[in-house]
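**Student:** The structure that follows is given in the form of structure tokens.
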Amino acid sequence: MIAAVSLGILMTACTKDEPTAACEVAFGFTSGALISNEGAWPNSGTVSHVDLTTGTVTNSLYEDANCGVGAGAGVQSVAVNSTKGYIVSTGSAGGNLQIVDLTSFKNNKSLSFSYPRYIDFSGNSAYLTDGSGAGSVYKISTLSNIVSDTLAVGSGPENLHISNGKLFVANSGGYALDSSITIIDLATFTVDTTINLTYRPIDIVEDKNGNIWVSCQGLASWETNGPTAPMLYEINPASEAIVNSYTVGTTEDIKRIAINSTKDVIYYYHEYGGVFAFNIDGSTINDPAIIEGSFYGVSVDPATDNILTFNPNGFTSASTMSVYSSTGDSLASYSLGIGANEAFIK
Amino acid sequence: MPGVRCVRDKRVRGVLTILGALVFFPLSIFAQLKSSVDTISVVEVDYVHSLKSSTSFDSLIPTSSLKSIGDLLLESSNVQIKQFGGKGSTQSIQIRGFSSSQNQVNWNGLPINSLTLGMFDLAGSSVGSFDKLQLINGSSSVEYGGGAIGGVLDLKNTAHWNKGLDLSFGGSVGSFNANMDRYKFAYSNNRFSYSLLYINEFVKNDYDFINTQVLGKPQETQEHGEFWNTNLVQEVYYRKGNNKVKWVSWLNGRKKNTPKFLNANEASRKSTADSSFRNVLNYTRIIKNSILDISYGYSGSGFNYWDYNDSIFSDYFVSEHFVLAGYKFKYKKFRFRIKSRLERQSVVNSRYVGTPIRTQNFNTAFVNYSLKKGLLLSGVVGTQTSTRDKSLIPIGSLGYKYITSKKIMTLKGNISNHFRYPTFNNLFWDTGGNLELKPEKGWNIEHSFKLEKKNHILKSEVYFSNVKDWIQWLPNGSFWVPLNVKAVRSYGADLNYKFNYRIKKVKLKLNSGIAYTKTTVTESIINNDPAIGNQVTYVPLINGNMSLAVEWEQFVLQYQTAYKGKQYTTVDNNERYALPAYFMNNISAWRLTKIKSYSFLVKGEIQNLLDAVYSVDQNYALPGRAFYLSILLNLNLHTPEKGG
């Protein structure tokens, strides 16, 4: 009887809850950091905002503005162009590009792709990398939000960068192997050339000289042909030739890179070895890490040159974004969504 | 998603206070009680009988034989059954806050947890495939070996003697295109018993659901959720004098289409198929005051996975040989049992490096001592060794059992250690498999009491367990690696109450239970691990169940409700990602007609009566209200000679 009464107490103690996800959230993005949180696959990832001046954190922007509907599994990147936000999710079976109104984060348009990763903009067009195997770049009108063209590139295209009318695409290989970057002439949207580097090109930044820097992840010991060292490559966009290359480890390790506001220091990280500052003249190649720790992503605030690092804490809880000065002094720490990987900062 | 929030901190404390009082109050009158237990047979030299709190579901088998074991436990117990979808989707058991790989499922003494994943998928295992179904709560490694940290689900087949020719036909149909056929042929005389059971099941799982992960939250109909399941169980028994031979075989084949995740764009083109063949051959001989028991078991199972969405295909084959020898005997007030188990496990997996083999040896000596009438002291000592972990794990347990006069109250308590070896995936997966993993180890203390008086049965238990070197996969570059990451502590209490009442021809049966389970991470190798101090994911703090049956002659009307508490899905117990608590209500009515040698069961059931919206994770569609009708006809055509 006591068990029945106990159960009864619990039953009567329960009340219907209101829906946890609101449908009307007044959030207008004007500045700060928009962070892509990959989420705990296959559940949807999220987008967080951190006001870098006040330290105010707003998590789950997209879900709250869209009645609890997620942006998709594996939110890989976030970008902003004019008044629109672009959320790229690789998906649990087919990914999405969610185009949102930055004044509310409500969904304007949802486009489906196979395995989208990163997006960049030029004029009235957006360019999106896609594919875990054979790769493509999609050209999307930012006026109509319609795909206008597509172009085959290498396997598993990751980040991309636009410079002087050319689009540079890092072909990481995805689930296969690749070691190339594809250079696309945007005027004709055709492949200009392909340059071979080492395995798994991942990320691209542009330095103060207008040269393109590409991080290559290398291969792990368990992979065919592995292990190979991770490397940084400097490429002259005009001549499309490799200017310099630097070995920055012994096995598959580095991923994303970021560059400071004066575009002369590149930050890369070893996942369990901290963040390293690399002068583009190569002078700090053997310097120790400026920030110790385990990281999954790194970004730089162009207004302050502060370094933002991301730790997903095993993808089983809130991620941590830590802010450091350019010399590695710890400044602040924020709790974000699950699986934070990088920030778009304005 | 709308949910249910329980405002209950103070109430929970109140409930726990009552639970504590119920368990420990009887100890104060311990010395005043007289025993009525005067002798203990050799057969009672049994670990569960002597030390453990267990729940038998045998009485539910005749009227629930077409139901899956997982559904039965979900409705009738406080254990956590995790299921990702409709009938046939992966269904696993969690006991006392420990994961499915930390609980053991035994079939006729043979451990049948997957060597690759550690868990056993209950989907498609029908209640009627077994004669005994018992849930043993709490750490049981000292009896069953590695893996039995949270508890054991013990499935057994037993002989039916002298029944003659017995034929049984039945089946069920229900919502979402569910149907099942069941045929059983059995013959037994005084020496020989044979039965052959065939079950064939199909469920389309084409239920409607609200897709909460798509803008506009449209109603959709689930596609690609079909489940095919076939079981063939053969039992052969022979006895002569003091000798008995048992041979049971279980052939199972399943295919599951995997529906798409709610947030997926593409239609799913993923499927799994697995088949298993299990055998246990057992010889038992009674020699004066002792019993010799020798078993050989074999389990072979193959698994295939097809993912045409991402072009991922894998397969593996697992085989396990198992030899168990036990000997029970008595000497004065002592009762002994020695047991030795040898297992040879191997897996051929396209994702493993090589073809790993693991041999394990488990030896225990169990002793009962009758200190005074009604009071038994028990102890277990033993060792466990494995070729994949060269260290020897000592095993030990100490406990007591006290039965008061007139058997009104039974008290049991024990302290023991437990352990679990890493799975084959943990050790040998080609990207990340870690041969340096240590076994998970810990200890458990528990106490229970059972009070039986007239029409009332009150049962309660409290426990405290811990596990160190808890294995968890962590990201490491582009792949994940299993490591000995955490120490976890689990404590809690269970309270169960049964009541039978009769008013003329009407019987009322109430069965209720409530469980409090606090399972938290206490240590971690991860810097500033947010899991520390928090409830382990997918472990509700409170579970409860209650059923009320009204019987009138051959008719029974039964109402069941089960409460599943809030479950956190992130280790930092983020409320945003928590799954809300929910009630699941079922109602069923049946008539079991018995005329001489014939019996006929017709049963109707409505599951999820109130069409509750609940969730096991945000990306899985779950069925709403469902209707089922089942019939079972049993014909006993011949009664052989009596005697013998």
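**Student:** Check whether at least one residue in segment B:562-579 is open to solvent by 50 Å² or more (accessible area, probe 1.4 Å) and either within 25 Å of the chain's Cα centre (by Cα) or under 30 Å from residue B:189 (Cα atoms) (or both), and report yes or no.
**Tutor:** yes
**Student:** Tell me, which residue of segment B:166-192 that is in a strand (DSSP E or B) and among the aromatic types (Phe, Trp, Tyr) is nearest to residue B:634 (Cα to Cα)?
**Tutor:** In this case the residue turns out to be B:169.
**Student:** Oh, and also: For residues that are not aliphatic (A, V, I, L, M) and not in a loop (DSSP other than H, G, I, E, B), scanning just segment B:58-73, find the one that is nearest to residue B:133 (Cα to Cα).
**Tutor:** Residue satisfying both the conditions and the ranking: B:58.
**Student:** Same structure, new question: Just to check your reading of the model, which residue among B:80, B:94 is touching a helix residue (DSSP H, G or I) at 6+ places or on another chain (Cβ under 7 Å), open to solvent by 10 Å² or more (accessible area, probe 1.4 Å), under 18 Å from residue B:617 (Cβ atoms) and polar (S, T, N, Q)?
**Tutor:** Just one listed residue meets the conditions, B:94.
**Student:** Which members of segment A:137-150 meet the condition of being open to solvent by 30 Å² or more (accessible area, probe 1.4 Å), of a type in the set (Ser, Thr, Tyr) and assigned to a loop (DSSP other than H, G, I, E, B)?
**Tutor:** Here is the first cut: in segment A:137-150, the residues open to solvent by 30 Å² or more (accessible area, probe 1.4 Å) are A:138-139, A:143-144, A:146-150.
Filter once more, keeping what is of a type in the set (Ser, Thr, Tyr): A:138, A:144, A:148, A:150.
Residue satisfying the conditions is A:144 alone.
**Student:** For segment A:151-192, enumerate the residues that are outside any strand (DSSP E or B) and polar (S, T, N, Q). Even if it seems obvious, please write down each step before you answer.
**Tutor:** Narrowing segment A:151-192 to residues outside any strand (DSSP E or B): A:156, A:164-165, A:172-179, A:186-189.
Within segment A:151-192, A:164, A:172, A:179, A:188 qualify.
Residue-wise test of (1) more than 20 Å from residue B:96 (Cβ to Cβ); (2) small (Gly, Ala, Ser).
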| position | (1), (2) |
| --- | --- |
| B:470 | no, no |
| B:479 | yes, no |
| B:489 | no, no |
| B:507 | yes, no |
| B:512 | no, yes |
| B:522 | no, no |
| B:537 | no, no |
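**Student:** Of everything in segment B:370-426, what is farther than 20 Å from residue B:335 by Cα, in contact (Cβ under 8 Å) with a residue 12 or more places away in the chain and among the basic types (Lys, Arg)? Give them in sequence order.
**Tutor:** Answer for segment B:370-426, where residues must be farther than 20 Å from residue B:335 by Cα, in contact (Cβ under 8 Å) with a residue 12 or more places away in the chain and among the basic types (Lys, Arg): B:388, B:406, B:407, B:420.
**Student:** For residue A:77, work out the one condition from (1) open to solvent by 30 Å² or more (accessible area, probe 1.4 Å); (2) among the hydroxyl-bearing types (Ser, Thr, Tyr); (3) away from chain B (no Cβ under 13 Å); (4) not in a loop (DSSP other than H, G, I, E, B) it doesn't fulfil.
**Tutor:** Failing condition for residue A:77: (1).
**Student:** If you check A:195, A:235, A:202, which single one turns out to be within 12 Å of chain B (Cβ to nearest Cβ), within 18 Å of residue A:161 (Cβ to Cβ) and in a strand (DSSP E or B)?
**Tutor:** On the way: A:195 fails: within 12 Å of chain B (Cβ to nearest Cβ); A:235 fails: within 12 Å of chain B (Cβ to nearest Cβ).
Of A:195, A:235, A:202, the one residue that is within 12 Å of chain B (Cβ to nearest Cβ), within 18 Å of residue A:161 (Cβ to Cβ) and in a strand (DSSP E or B) is A:202.
**Student:** Here's a follow-up. Anything in segment A:234-278 that is charged (D, E, K, R), in contact with a strand residue (DSSP E or B) (Cβ under 6 Å, 6 or more places away or on another chain) and modelled with pLDDT under 95? List them, or say none. Reasoning before the result, please.
**Tutor:** Taking segment A:234-278 first, the residues charged (D, E, K, R) are A:234, A:240, A:252-253, A:255-256, A:263-264, A:271.
From the residues that got through so far, the ones that are in contact with a strand residue (DSSP E or B) (Cβ under 6 Å, 6 or more places away or on another chain) too are A:234, A:240, A:253, A:255-256.
Residues satisfying the conditions are A:240, A:253, A:255, A:256.
**Student:** Exactly one of (1) under 27 Å from residue A:233 (Cα atoms); (2) in contact (Cβ under 8 Å) with a residue 24 or more places away in the chain; (3) of a type in the set (A, V, I, L, M); (4) within 14 Å of chain B (Cβ to nearest Cβ) is unmet by residue A:160. Its number?
**Tutor:** So residue A:160 meets the others, but not (4).
**Student:** How about segment B:219-264: which of its residues are assigned to a loop (DSSP other than H, G, I, E, B), within 30 Å of residue B:187 (Cβ to Cβ) and free of Cβ contacts under 8 Å to residues at least 40 places away in the same chain?
**Tutor:** B:241
**Student:** I've got another one for you. Name the residues in segment A:270-302 that are away from chain B (no Cβ under 14 Å), of a type outside the set (Asp, Glu) and in a loop (DSSP other than H, G, I, E, B), would you?
**Tutor:** A:280, A:282, A:283, A:284, A:285, A:286, A:288, A:289, A:290, A:302
**Student:** Look through B:452, B:461 and report the one residue that is closer than 30 Å to residue B:508 by Cβ, open to solvent by 40 Å² or more (accessible area, probe 1.4 Å) and part of a strand (DSSP E or B).
**Tutor:** Within the list B:452, B:461, the selection yields B:452.
**Student:** From the set of residues in segment B:469-497 that are open to solvent by less than 20 Å² (accessible area, probe 1.4 Å) and among the hydroxyl-bearing types (Ser, Thr, Tyr), which is nearest to the other protein chains (Cβ to nearest Cβ)?
**Tutor:** Among those residues, the one meeting the criterion is B:497.
**Student:** Scan segment A:80-117 for residues that are open to solvent by 10 Å² or more (accessible area, probe 1.4 Å), more than 12 Å from chain B (Cβ to nearest Cβ) and part of a strand (DSSP E or B) and report the count.
**Tutor:** Within segment A:80-117, residues that are open to solvent by 10 Å² or more (accessible area, probe 1.4 Å), more than 12 Å from chain B (Cβ to nearest Cβ) and part of a strand (DSSP E or B) number 5.
**Student:** In the set A:305, A:329, which member is away from every other protein chain (no Cβ under 14 Å), over 20 Å from the mean Cα position of the chain (by Cα) and surrounded by fewer than 21 Cβ atoms within 10 Å (Cβ to Cβ)?
**Tutor:** The match here is A:329.
**Student:** Could you check segment B:161-201 and list, in sequence order, the residues that are crowded, with 17+ Cβ neighbours inside 10 Å, within 30 Å of residue B:257 (Cα to Cα) and hydrophobic (A, V, I, L, M, F, W, C)?
**Tutor:** B:176, B:178, B:180, B:197, B:199
**Student:** Now for a separate question. Would you check if residue B:527 is polar (S, T, N, Q), within 10 Å of chain A (Cβ to nearest Cβ), more than 24 Å from the chain's Cα centre (by Cα) and farther than 28 Å from residue B:177 by Cα? Walk me through how you get there before you give the answer.
**Tutor:** On the way: polar (S, T, N, Q): yes; within 10 Å of chain A (Cβ to nearest Cβ): yes; more than 24 Å from the chain's Cα centre (by Cα): yes; farther than 28 Å from residue B:177 by Cα: yes.
Answer is yes for this residue.
The values are calculated or read from the model by the stated rules, or taken from the named source; none is laboratory data. Predicted, not measured: the structure shown is a model, and the values here were computed from it. When we count neighbours, we look across all protein chains shown, and the Cβ atoms used for this are built from the backbone with ideal geometry, even at glycine. Areas reflect the complete protein model, heavy atoms only, side chains present, ligands, DNA and RNA absent. Shrake-Rupley method; radii C 1.70, N 1.55, O 1.52, S 1.80 Å.
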